[in-house]
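Trainee: One structure, pasted below without further comment.
Quick note: the coordinates plus some simple rules give every number you see, no bench work behind them. Quick caveat, the model's predicted, so the values are computed rather than measured. We place every Cβ from the backbone using ideal geometry, glycine too, and count neighbours over all the protein chains shown.
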């Protein structure tokens, strides 16, 4: 199998939800997949066209809405 292709920095990609690595494009059986750049066992898109939208959808973290109020004084 050939070396994976790095995705240009100008293209927005969510980091891997497991390890935080930037995704790469790899070829599997003549089709393309977007997968974790550090570990091929982490999430990867279904084989076919390069689908960065699918990668972003499955690797998006929910924002933390817990307010940071530890610095406020009580009273």
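Trainee: With a 10 Å radius around each residue's Cβ, average the other Cβ atoms per peptide and rank 30-37, 43-50, highest first. Intermediate results must be reported in sequence, preceding the final value.
Mentor: Numbers: 30-37: 18.6, 43-50: 14.8.
Packing proxy ranking, top to bottom: 30-37, 43-50.
Trainee: Sticking with this one: State the dimensionless ratio Rg/Rh of region 1-43 (Rg: radius of gyration of Cα atoms; Rh: Kirkwood radius).
Mentor: Using Cα coordinates only, the ratio equals 0.95.
Trainee: By how many nm would the segment from residue 21 to residue 61 grow when fully extended, if each residue of separation counts as 0.36 nm and the alpha-carbon distance is taken off?
Mentor: Taking 0.36 nm per residue and subtracting the Cα distance, the gain is 13.0 nm.
Trainee: Between residue 12 and residue 49, what is the label-point separation in nm under the 7 Å Cα-to-beta-carbon projection?
Mentor: A separation of 2.0 nm, rounded to one decimal place.
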